[in-house]
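Notes to accompany the following structure.
Please treat every number below as a calculation from the coordinates, not as lab data. The structure displayed is predicted, hence computed values, not measured ones. A quick note on method: Cβ atoms are made from the backbone with ideal geometry, for glycine too, and the neighbour counts reach across all protein chains shown.
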Amino acid sequence: MRSTFINTLTKMARQDKELYLITGDLGFSVFEGFQKEFGERFINAGISEANMIGTAAGLAMVGKRVFVYSIIPFLTMRCFEQIRNDLCYQNLNVCLVGVGGGLSYGSSGATHHAIEDISIMRSLPNMKVICPGDPFEVQRAVEQVISLSGPSYIRLSKNGEPRLHSDDADFKIGKAIKMMEGRDISIIATGNMLEEAIEVSRELIGIGYGVKLISMHTIKPIDEQIIKECIHETRAIFTIEEHSIIGGLGGAVSEVVAGNITKPFIFKPFGIPDVYADSAGSSSYFRKKYGINRDGVLKSIIETMKSV
């Protein structure tokens, strides 16, 4: 995802001389080409994230289109007040790009885990929240976000993720992508859990369930229409995310579900429990520990469906 982001941004910068990129002392081995080609349009603000947001706000106020890149906890939490007051309150055209979504930096410990960011970003008025699930969605999100009015946040995992969509997939910010069609179970996934969701869906289809699989790449504004479709056409919705169970995709979907249920219905979110990691390890280690890996999610869905 990271390489797709910078490659897409570089192509856009060649066409748009008002495009700027700011980072907080990271991106080494990633941004050297951008810096060499565009010179003063690349700014390394150093380990000074609050000032980084202020600089982005100033550039946006004089008509520049600004992307700000950092590791998610340092980008969204360390400078939350500046994002709120400088970007969202002023409704400025700045795109925040956070790397390390969920447990991507698993071995670095809880300080580097990004498990609260969707919740806090979607609570901000004017902020758009986009969580691409593969490199295709990253490319389309970056290409489209530049035409949006106001601030936005793109959540990336790290790098090397597989491409999950074909070239003709219909991506539009604010409009989910339907990847499978079925009448029993709806699975709604976001970000770096999309690959796991595809595997779970295939397993469920293999044992006889009809699965409607949705890639909910935009958490805000969320696609309410497709959630309503899931409610009316299937018996259950399961959401899957590598984020706290509180306030992320599951919370956003449940807000729509709660106002539109007209029949007995199952809703179950899968996410990280309300805890901080007490150990270090890979993202696959933590997914298994928290029951959000393929086997854990599959087992829980089957047990839930058999119990009703």
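What does the net charge come to around Ala258 if you take all other residues with beta carbon closer than 15 Å to its beta carbon, with K and R at +1 and D and E at -1? Once all neighbours under 15 Å are counted, the net charge is +1. Rounded to the nearest whole angstrom, the semi-axes of the ellipsoid equivalent to the range 77-166, taken from the Cα gyration tensor as √(5λ), stand at 22, 19, 8, largest first. Overall shape of the range 177-306 was characterised from the C-alpha gyration tensor. The equivalent ellipsoid obtained from it has semi-axes of 23, 17, 13 Å, in decreasing order.
Charge tally around Lys64: other residues with Cβ under 15 Å, Lys/Arg +1 each, Asp/Glu -1 each, net -1. Please say if the range 134-237 is rounded, prolate or oblate, where rounded means a/c under 1.5 for a ≥ b ≥ c the square roots of the C-alpha gyration tensor eigenvalues, and otherwise the choice is prolate for a/b larger than b/c and oblate otherwise? Because a/c hits 1.5 or more and a/b fails to exceed b/c, the range 134-237 counts as oblate. Overall dimensions of the chain, expressed as equivalent-ellipsoid semi-axes from the Cα gyration tensor (√(5λ), whole Å, largest first), are 34, 20, 18.
Packing around the peptides 90-103, 29-42, taken as the average count of other Cβ atoms within 10 Å per residue, puts them in this order, highest first: 90-103, 29-42. Straight Cα distances below 13 angstrom link Lys128 to the aspartates and glutamates Asp117, Asp223, with same-chain residues fewer than 8 positions distant left out. Our estimate of slack between Leu148 and Met61, defined as 0.36 nm per intervening residue step minus the Cα-Cα distance, is 29.8 nm.
A straight chain from Lys17 to Ser300 at 0.36 nm per residue would run longer than the Cα-Cα distance by 96.8 nm. Electrostatic bookkeeping for Ile222 treats Lys and Arg as +1 and Asp and Glu as -1; over the other residues with beta carbon under 12 Å from its beta carbon, the sum is +2.
According to the calculation over all Cα-Cα pairs in the range 136-184, the P(r) per 10 Å bin from zero is 19, 49, 27, 6 %. With a/c under 1.5 counting as rounded, go ahead and sort the range 2-155 into rounded, prolate or oblate using the C-alpha gyration tensor (a ≥ b ≥ c being the square roots of the eigenvalues; past the cut-off, prolate if a/b is larger than b/c, else oblate). It comes out rounded by the Cα gyration axes.
Between the listed residues Ser157, Gly208, Phe31, the Cα displaced farthest toward the positive end of the dipole of the chain, a dipole computed from Cβ unit charges relative to the Cα centre, is found at Gly208. Rounded to the nearest 0.05, what FRET efficiency do Ile205 and Phe265 give with R0 = 25 Å and r taken as the Cβ-Cβ distance? Could you check? That pair, Ile205 with Phe265, gives E of 0.75.
Proximity of backbone amide H atoms, modeled 1.01 Å from N, is registered between Ile272 and His243, Ser244, Ile245 at under 5 Å, excluding neighbours fewer than 5 places apart on the same chain.
Considering only Ile185, Ile72, Ile226, the Gaussian network model of the chain with Cα springs below 10 Å gives its largest mean-square fluctuation to Ile226. Multiplying the residue separation of Tyr285 and Gln225 by 0.36 nm and subtracting their alpha-carbon distance yields 18.1 nm.
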